[in-house]
Structures are given as C-alpha cells and as structure tokens.
Amino acid sequence: MECLAQGPANTAAWMEQRTRLLKSDTYSRVGLLELRDEACLLKLYLVKSPWQRLAFRLGYSRALRSFDMALALAGLGLPVPAPRACVQVEQGMLLLTQGIADGRDLRALWLEQPEPARAELLMRSAADTLAALHHAGFAHGDGKWSNLLWCGERFLLVDLDAARQVKARPAAGLPPRQLRDLARFTVDAEELGATPQQYEVFLQRYAQRMSCAREDLLNAIEEPASAIRRRHARKYGSGRVS
C-alpha cells in the first residue's frame with residue numbers, strides 16, 4: 001500500500017511505470033516488482049463491468065480464488081509460488097505472489113528447442129509437479145504448458161483461479177478434472193512438437209508417481225484430449241502452436 005500510494009493513482013498506469021511489465025491486455029496487467037528486498041509478481045485483474053465491480057467488493061473474484069487456493073496448496077507443501085497479498089484497488093483486484101527471477105514457463109522453454117537430455121528433464125519435472133498436485137487431491141483446471149513456471153529446479157503451478165479440490169480417486173482411475181489437466185498437457189505436447197518419445201517420458205513418470213498403469217492412463221486421457229483438439233480446431237484452425 002505504501003508503494004501504491006506513491007502514484008500514479010491509476011493502478012494500471014502505476015504498474016506500467018513501477019513494475020517490469022510482463023503482460024498487458026484489455027483486462028489484466030502482470031509485472032515484477034522488488035518489495036522490501038523480495039521479488040514479487042503482481043497481477044492486476046481489471047474490472048470488466050459494474051456487476052463485476054460489485055462482485056469484487058463482495059469478495060468474489062479470480063484474484064481471491066487464486067490467493068485462497070495458493071494459501072491452501074502452499075500450506076500442504078505443494079509446488080506453487082508463495083502467496084503474499086490480495087489488495088482491492090479502484091480498478092479491480094491486485095494479486096501479489098512470490099516472484100521468480102527470470103522464471104519462464106514450459107512453453108517458452110520448449111520453443112527454445114532444448115537438447116534431448118534437457119527436454120527429458122523438463123518432461124519428468126512437469127510430471128512430478130502435476131502428480132504432486134493430483135496425489136494431494138486437487139486439480140489445476142488448466143494444465144497448459146504456460147501454467148508451469150520453471151524456478152531453476154522444478155516447475156511451480158501458476159494461475160490457480162480454476163484449481164479445485166476433487167473427490168476421492170475412483171477405483172477405476174483419476175477424477176475427471178485431473179484427467180482434463182493431463183489432456184490439456186497432452187494437447188500442448190502435440191501442438192508444440194514434442195516427440196512421442198519425449199511425451200512418453202512424461203507419461204511414464206506421471207504413472208509411476210500416481211501408481212497407475214500407463215496404458216489405462218493413456219486410454220482415459222483420450223476422450224477429454226479429443227474434445228480439446230476439436231475446440232482448438234474450431235477456434236484456431238489447424239497447425240496451432242498453443
């Protein structure tokens with residue numbers, strides 16, 4: 001709040017001036033800022049309508065859902081950036097989490113065409129992170145590669161507003177929400193050009209961590225993955241790179 005008070009009063013403009021801006025679009029701003037010798041990631045959720053402004057004031061927002069879920073997951077020792085604060089501002093809601101210096105997501109890392117050994121490390125690490133979340137009884141809600149942020153030794157899960165606790169694992173396999181996480185990851189692997197061998201590293205590692213059969217897992221992923229492929233084809237056309 002002390003830093004915000006130094007202006008400008010418009011929070012979006014404040015972020016553009018005071019943070020290292022990483023993303024700017026119609027409804028959000030994302031930037032890095034050093035606060036009291038600690039790197040913080042700030043995400044501003046801009047109000048879209050008078051109804052949403054009222055919802056924000058009543059405590060209903062993606063920012064608050066992300067903050068509450070981050071608190072819950074961090075409390076269980078799961079791989080997420082540490083939550084710092086959630087602040088209501090005139091233009092919307094400002095979420096602060098632990099900042100990862102030079103942090104890049106799996107999508108960005110993959111587009112650099114990593115060497116085979118590095119690619120296998122990334123696949124294993126992604127499997128470890130998703131398996132840790134799922135084993136604890138949660139689903140992310142959007143398992144795309146840009147939501148896996150590399151922090152130097154492992155992946156952290158970001159954008160947690162759709163994350164949910166799921167019902168107990170059924171005897172026949174994983175809950176549907178967790179399967180959708182895996183399906184979304186799988187479609188990104190296809191669209192970003194991961195080879196079958198590279199994807200297999202992910203699949204085998206995840207199956208090992210979750211104590212499930214690789215063949216059963218692959219079969220269960222296919223239906224939600226097909227739905228995502230059809231949706232992407234309608235929205236983006238063929239040959240999309242997510």
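Listed by Cβ neighbour count within 10 Å, with the fewest neighbours leading, Y27, Y199 appear as Y27, Y199.
Neighbour counting of Cβ atoms within 10 Å sorts the residues L174, L148, L78, fewest neighbours leading, into L78, L174, L148. For the chain, the 222 nm mean residue ellipticity estimated from helices alone, with every DSSP H stretch of n ≥ 4 adding -39500 (n - 2.57) and the total spread over all residues, rounds to -14500 deg cm²/dmol.
Close amide-amide hydrogen proximity is noted between V166 and F138, A139, each under 5 Å apart and 5 or more residues distant or on a separate chain (H modeled in the peptide plane; Pro and chain starts excluded). What shape does the stretch 4-98 have by the C-alpha gyration tensor, where a ≥ b ≥ c are the square roots of the eigenvalues, rounded means a/c under 1.5, and otherwise prolate means a/b greater than b/c and oblate the rest? Since a/c reaches 1.5 but b/c is at least a/b, the shape of the stretch 4-98 is classed as oblate.
Against the main long axis of the alpha-carbon atoms of the chain, helix 116-135 sits at an angle near 80°.
Remark on G143: its backbone amide H falls under 5 Å from those of R184, F185, a criterion applied only to residues 5 or more positions apart or on other chains, H modelled at 1.01 Å from N. Going by neighbour counts of Cβ atoms within 10 Å, the residues T129, T195, T19 line up, fewest first, as T195, T19, T129. Take every Cα pair under 8 Å whose residues are at least 6 apart in sequence, average their separation, divide by the length of the chain, and the relative contact order is 15 percent. The string of couplings for the stretch 183-189 from the Karplus curve (6.51, -1.76, 1.60, θ = phi - 60°) is 5, 5, 4, 5, 5, 4, 4 Hz, one whole number per residue in order, with x for Gly and Pro.
Close amide-amide hydrogen proximity is noted between L156 and L149, W150, C151, each under 5 Å apart and 5 or more residues distant or on a separate chain (H modeled in the peptide plane; Pro and chain starts excluded). When the listed pairs K23/K235; K23/K48; K23/K43 are checked against a 20 Å cut-off, the alpha-carbon distance exceeds it for K23/K235. Averaging the sequence gap over all C-alpha pairs within less than 8 Å and six or more residues apart, then dividing by the number of residues, gives the stretch 4-98 a relative contact order of 25 percent.
The numbers here are math on the coordinates, done by the rules we state, and not lab data. This one's a predicted model, so the numbers in the text were calculated from it and none came from an experiment. Glycine also receives a Cβ, built like all others from the backbone with ideal geometry; neighbour counts cover every protein chain displayed.
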